[in-house]
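I have placed the structure first, in the form of structure tokens, so that the comments after it can refer back to it.
Quick note: the coordinates plus some simple rules give every number you see, no bench work behind them. Worth saying up front: this structure is predicted, and the values here are computed from it rather than measured. Cβ atoms come from the backbone with ideal geometry, glycine included; neighbour counts cover every protein chain shown.
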Amino acid sequence: MINNNFFRNSYFSNGIITLAFFHIVVITIFFFYRLILSYLYFDDIVYRELILKSVLIGIRLDLIISSFLSLPILFTIFFPILNDKNKIYKCFIKIFSLFVFSFIIIFCSIDLEWFKEFNHHLNIMFIYYGAEGKEGWLHALKEYNLIFYISFWILTIFVSFKSFSTYKFFIKVRNSSILLNILNFLISLIFTVVLFRGGFQERPLDWGYAHYSNDNMLNEIAQNPVFFFSRSIIEMRSEKIYKTFLKSDNYKEIQNEYSILVKQNSKDNIDIKIDNKKRPNIVLII
């Protein structure tokens with residue numbers, strides 16, 4: 001077990017300790033998501049010896065998401081007025097972390113079911129699929145065991161939140177000095193920027209980083225579902241056809257054209273003439 005005196009007697013402020021536990025819990029959730037995905041599609045993996053590499057590549061993408069989600073904590077927790085003794089701020093930390101963990105767990109569960117249906121991660125099509133009436137939601141209510149999923153969500157969210165709450169056992173009883181808080185904030189900010197870029201390379205990591213092999217399943221395991229979904233929206237919004245994508249302002253006109261085509265190609269209007277005089281040459285090979 002980690003000795004909490006190491007943190008209390010070190011130069012780490014309570015802010016860094018809280019951020020570290022936040023990152024650990026987020027990465028752990030994504031780690032279990034990849035374990036489930038690997039188990040479900042283990043037979044489809046060609047190069048099984050590279051599963052660990054997919055997980056390690058995925059962790060870099062996970063850290064991009066966790067660093068982005070940790071920004072509200074990063075820019076508030078190092079203020080002296082917002083310390084661990086402030087009940088309002090403690091309540092904010094609880095609500096925010098609970099919301100983040102709930103979002104990730106529910107999103108990953110939906111992504112797994114989407115992957116089973118379409119063999120790829122959630123993308124912008126999910127938004128349009130859900131916005132096109134009640135059919136999609138009614139199908140989900142009919143096909144999936146919502147009682148099981150709700151129970152699973154409650155259990156995993158509870159475990160994740162309790163795991164994050166253990167940071168309280170490692171924080172210092174006395175508040176850190178202003179100078180130490182400033183130093184820790186600068187270190188955390190630099191570290192977060194590096195994680196947000198995915199490392200020290202020249203260009204930030206993109207979703208293409210996960211496609212490192214010829215095995216598509218390994219690439220899908222390495223991909224972060226939240227990162228992939230976010231990038232699909234950003235990429236689509238940059239396209240000129242985004243405003244008209246899967247949308248139609250001339251719906252009645254299309255319906256009329258469709259009705260005309262149906263009538264023209266109906267059984268009554270199709271004239272099929274067969275010339276029985278010319279016998280075809282048929283060769284049967286067994």
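Quote to one decimal, in nm, the extra length available between Arg197 and Phe107 on full extension: 0.36 nm per residue of separation minus the C-alpha distance between them.
So the extension gain works out to 30.1 nm.
Between Asn145 and Thr166, 0.36 nm times their residue separation minus their Cα-Cα distance comes to what?
4.3 nm
I need the calculated FRET efficiency for the pair Phe42 and Leu179, taking r as the beta carbon distance and R₀ as 45 Å, to the nearest 0.05.
0.30
Using a Förster radius of 25 Å, what is the FRET efficiency between Asp206 and Glu117 based on their Cβ-Cβ separation? Nearest 0.05, please.
0.45
Calculate the spin-label point distance for Thr28 paired with Lys90, positioning each point 7 Å from the Cα along the beta-carbon direction, and give it in nanometres.
The answer from the label model is 2.1 nm.
Segment 216-238 to segment 47-106: how many Å between their Cα centroids?
About 19 Å separates the Cα centre of segment 216-238 from the one of segment 47-106.
Sticking with the crude label model, points 7 Å out along Cα→Cβ, report the distance from Leu98 to Leu189 in nm, one decimal please.
Distance between the two pseudo-spin positions: 3.1 nm.
Could you sort 110-119, 63-72 so that the peptide with the highest average Cβ count within 10 Å comes first and the rest follow in order?
63-72, 110-119
Can you tell me the order of 25-32, 203-210, 145-152 when each peptide is scored by its average per-residue count of other Cβ atoms within 10 angstrom, highest first?
25-32, 203-210, 145-152
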